């Protein structure tokens, strides 16, 4: 248990109080015990940086909002192509994206800067999240998402790429909307024997 500086009460001090008729300096043992109890209870939260707990209703509201956000992402990317990602990435330095364990975008600005080239290269894209979508509300403005995904991309030459894998991200509510604070895409790769 972490205590605030100066609130430690040793067993030695309590024994000394008992031996001296309840007096340690100017405090009686009852006052010392009361003070120690208050200090211990009061210090239970010193240094705690745990986020406040969500009520079941708040948790359900966050989960519903994030599920709607995820559905909107898949719909917008399918309808508008890669440019739609620009609306859902946090554009600051807190954003990053990894693919198959490799960092591909170290910031939101880097990801957004790559979107025009992706839009020129990818002529058509279909994104579908899996039925296994999981949402773990952490606070009223943060949630972890995890889901399988399936994507079909067609490039300018008509070549089709069909991929599937698993996606994890932290969704953050900021500036009046949900966005991805970070993301990781992975897909199973066959390895040669």
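Couple of notes before you dig in:
- With respect to (1) part of a helix (DSSP H, G or I); (2) surrounded by 17 or more Cβ atoms within 10 Å (Cβ to Cβ); (3) under 24 Å from the mean Cα position of the chain (by Cα), the lone exception for residue 178 is condition (1).
- Selection within region 154-175 - closer than 19 Å to residue 107 by Cβ and assigned to a strand (DSSP E or B): 168, 169, 170, 171, 172, 174
- Conditions (1) exposed (fewer than 15 other Cβ atoms within 10 Å of the Cβ); (2) over 23 Å from residue 91 (Cα atoms); number of the one not met by residue 151: (1)
- Scanning region 83-102 for residues that are out of contact with any helix residue (DSSP H, G or I) (no Cβ under 8 Å at 6 or more places or on another chain), in a strand (DSSP E or B) and under 22 Å from residue 162 (Cα atoms) yields 98, 99, 102.
- Unique match (being at negative phi, at pLDDT 95 or above and not in a strand (DSSP E or B)) among 74, 146: 74
The values are calculated or read from the model by the stated rules, or taken from the named source; none is laboratory data. As the structure is a prediction and not an experimental result, all values here were calculated from the model. Reconstructed Cβ throughout: ideal geometry from the backbone, glycine too, with neighbour counts over all protein chains shown.
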